[in-house]
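Worksheet: one structure, shown below.
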């Protein structure tokens with residue numbers, strides 16, 4: 001089992017770029033991957049003028065386009081090489097389809113889809129679905145947004161459900177230009193650890209990473 005997360009210059013998988021990839025082998029949590037690269041010249045930065053993405057990731061445009069950093073293509077190739085050496089290729093993450101689709105689109109652009117298919121699966125297990133299923137088993141209802149009726153099981157609420165505080169910066173939902181809560185900037189490996197810890201608590205009722213052992217597992221999840 002692998003947990004994977006990317007950091008990008010925006011949400012559009014066709015126009016924006018990947019600048020950081022993190023991954024952890026949950027069968028051996030000490031085996032992890034974290035690397036950064038520069039986005040392509042033609043990659044966009046979402047709402048650059050008002051800097052919301054840059055504020056969330058704690059980077060400047062100059063840092064995202066730094067020519068001294070490895071290329072985005074090489075960043076992806078390095079990640080695929082790391083994945084290739086793992087026995088299990090089952091990938092989990094929050095909204096993991098978006099991460100895999102983002103990487104896959106870049107592999108199509110760079111003509112390295114054979115490498116992608118060899119090293120990684122094209123499907124993954126979505127932490128959102130796992131959390132909603134568990135929430136329903138306990139509460140006999142899904143966690144929904146009161147006014148819209150759509151799912152409210154974002155990573156912040158998954159962490160809360162699993163008994164873990166979210167110290168990361170958060171933007172106002174539906175408004176990518178306004179900060180709702182100040183906090184630490186997003187980092188792919190940190191998000192992997194948070195998602196991996198939640199997966200372990202939701203699936204096995206167990207703590208995975210020592211740094212989160214101080215946060216008690218809710219009684220309804222513990223086994």
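The values are calculated or read from the model by the stated rules, or taken from the named source; none is laboratory data. Nothing here was measured: the structure is a model prediction, and the numbers come from that model. Ideal geometry is used to build each Cβ from the backbone, glycine not excepted, and the neighbour counts take in all protein chains shown.
Observations on the structure shown:
- In segment 30-50, of all residues being in contact with a helix residue (DSSP H, G or I) (Cβ under 9 Å, 6 or more places away or on another chain) and at pLDDT below 95, the one that is farthest from residue 68 (Cα to Cα) corresponds to 47.
- Given (1) more than 28 Å from residue 151 (Cβ to Cβ); (2) modelled with pLDDT of 95 or more; (3) more than 16 Å from the chain's Cα centre (by Cα); (4) in a helix (DSSP H, G or I), index of the condition residue 66 fails: (4)
- Segment 21-40, subset part of a loop (DSSP other than H, G, I, E, B) and free of Cβ contacts under 8 Å to residues at least 60 places away in the same chain, residue farthest from residue 197 (Cα to Cα): 40
- The residues on offer are 14, 10, 58, and the sole one that is in contact with a strand residue (DSSP E or B) (Cβ under 6 Å, 6 or more places away or on another chain) and modelled with pLDDT under 95 is 10.
- Single residue of segment 113-149 satisfying the filter (at pLDDT 95 or above, over 21 Å from residue 5 (Cβ atoms) and touching a strand residue (DSSP E or B) at 6+ places or on another chain (Cβ under 8 Å)) that is surrounded by the most Cβ atoms within 10 Å (Cβ to Cβ): 143
- Whichever residue in segment 139-161 is in contact with a helix residue (DSSP H, G or I) (Cβ under 9 Å, 6 or more places away or on another chain) and not in a loop (DSSP other than H, G, I, E, B) and, among such residues, is nearest to residue 212 (Cα to Cα): 159
- Any hit, segment 79-90, residues being in contact (Cβ under 8 Å) with a residue 40 or more places away in the chain, assigned to a helix (DSSP H, G or I) and surrounded by fewer than 13 Cβ atoms within 10 Å (Cβ to Cβ): no
- Of the residues 218, 165, the single one that is surrounded by 14 or more Cβ atoms within 10 Å (Cβ to Cβ), part of a loop (DSSP other than H, G, I, E, B), at pLDDT 90 or above and in contact with a helix residue (DSSP H, G or I) (Cβ under 9 Å, 6 or more places away or on another chain) is 218.
- Annotation note: Cβ proximity below 8 Å between a residue of segment 1-13 that is surrounded by fewer than 18 Cβ atoms within 10 Å (Cβ to Cβ) and a residue that is part of a loop (DSSP other than H, G, I, E, B) (sequence gap 6+ or interchain) occurs for 1/26; 1/27; 1/88; 1/90; 11/46; 12/46.
- Matching residues, segment 91-112, being in a loop (DSSP other than H, G, I, E, B) and touching a strand residue (DSSP E or B) at 6+ places or on another chain (Cβ under 7 Å): 95
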